[in-house]
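Read the figures in this text as sums done on the coordinates, not as results from a lab. None of the values given here were measured: they were computed from a predicted structure. Please note: Cβ atoms are built from the backbone with ideal geometry, for glycine as well, and neighbour counts cover all protein chains shown.
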Amino acid sequence: TIYLHFGAPKKVFGLGSQAADKIAYEARRRNIQLIRCPVRHMGTEYSYQVLKAMYDYLEKKPQFTFLPHTTAERIVEENGRVAGVELTLENGSTCCVEGENVVAAPGRGGAAWLSRIAKETGLKTANNEVDIGVRVEVPNGVMDPLTKSLYEAKLIYYSDTFENKVRTFCMNPGGIVSEEHYDGPNGGLAVVNGHSYAEEERHSDNTNFALLVSTKFTQPFNQPIEYG
């Protein structure tokens with residue numbers, strides 16, 4: 001795989017394990033679905049090394065340029081088709097990069113920007129589900145029966161009363177709870193995340209994971225991010 005080529009570890013959790021079969025069986029007994037998902041854990045410290053190797057590989061490619069600290073102001077269109085992107089560079093100068101295809105991937109921090117671009121260009125949008133939840137932290141001993149075999153147990157449960165979809169996400173055995181901040185309107189957004197190191201000596205005594213409820217708005221609503 002691509003990750004292996006750039007230095008990711010070969011070990012994969014959650015494949016062909018009798019323990020995983022038993023976990024799935026016990027989950028079904030409680031009306032919980034286990035999503036089988038092989039996990040290749042790189043760890044916080046080695047993820048940087050793998051991504052750096054990818055960066056170095058791409059940087060050497062002809063006609064491939066990274067522009068750090070650059071703002072995409074708007075997507076340029078001509079005759080109803082994309083024609084490029086208008087940029088403000090790190091030194092404050094502006095330029096237009098021409099292109100027949102543009103991939104816009106601004107992430108959570110750029111959600112407001114993408115919404116503005118959609119309005120300016122007439123792109124049709126639809127509201128996705130909003131995942132609202134908490135990050136749970138428990139002693140490793142509570143989660144070891146799951147994480148020793150699966151590393152990350154992706155579990156889905158539908159509540160009895162309203163059939164809300166409740167799921168676990170981003171499980172970090174021996175991990176650390178962390179805080180993240182995103183720029184944006186009304187002072188931006190602060191969220192809680194989690195991560196874990198590959199080296200055991202850097203593990204904590206706890207496992208953390210997100211417990212999320214997926215909410216799909218049934219009435220006209222155009223601010224799911226602000227609501228979340």
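Rg over Rh for the chain works out to 1.01, both radii taken from alpha-carbon positions and Rh defined as the Kirkwood radius. Per-residue Karplus couplings for segment 31-39, computed as 6.51 cos²θ - 1.76 cosθ + 1.60 with θ equal to phi - 60°, are listed in order as 6, 10, 9, 9, 8, 5, 8, x, 10 Hz, Gly and Pro entered as x.
Between CYS37 and GLU73, the C-beta separation translates, for a Förster distance of 35 Å, into a calculated FRET efficiency of about 0.35. Once the convex hull of all Cα atoms in segment 34-134 is built, its volume per residue stands at 212 Å³. Fully extending the segment from THR94 to GLU200 would add 33.4 nm, taking 0.36 nm per residue of separation and subtracting the current Cα-Cα distance.
The smallest convex shape that holds all Cα atoms of segment 81-201, its convex hull, gives 225 Å³ per residue.
Within segment 128-150, list the residues whose amide N lies under 11 Å from a label point set 7 Å along Cα→Cβ of VAL177. Counting backbone N atoms under 11 Å from the label point, the list is 134-139. Note on the chain: with a GNM built from Cα contacts shorter than 10 Å, the maximum mean-square fluctuation among VAL102, VAL136, VAL192 falls on VAL102. When the listed pairs LYS22/LYS165; LYS22/LYS154; LYS11/LYS60; LYS11/LYS61 are checked against a 21 Å cut-off, the alpha-carbon distance exceeds it for LYS22/LYS165; LYS11/LYS60; LYS11/LYS61. Taken over segment 67-121, the percentage of Cα pairs per 10 Å bin, counting from 0 up to the bin with the maximum distance, is 23, 55, 22, 0.
Applying both filters, DSSP loop and at most 15 other Cβ atoms within 10 Å, to the GluC sites (Glu not before Pro) of segment 55-106 gives GLU90, GLU100. Amide H to amide H, with H built 1.01 Å from N, VAL76 comes under 5 Å of ALA83, GLY84, VAL85, GLU86, counting only residues 5 or more places away or on other chains. Backbone N atoms of segment 151-175 closer than 20 Å to the 7 Å Cα→Cβ label point of GLU137 belong to residues 152-153, 168-175. Take the Cβ atoms of LYS119 and PHE169, set R0 to 41 Å, and the FRET efficiency comes out at 0.85.
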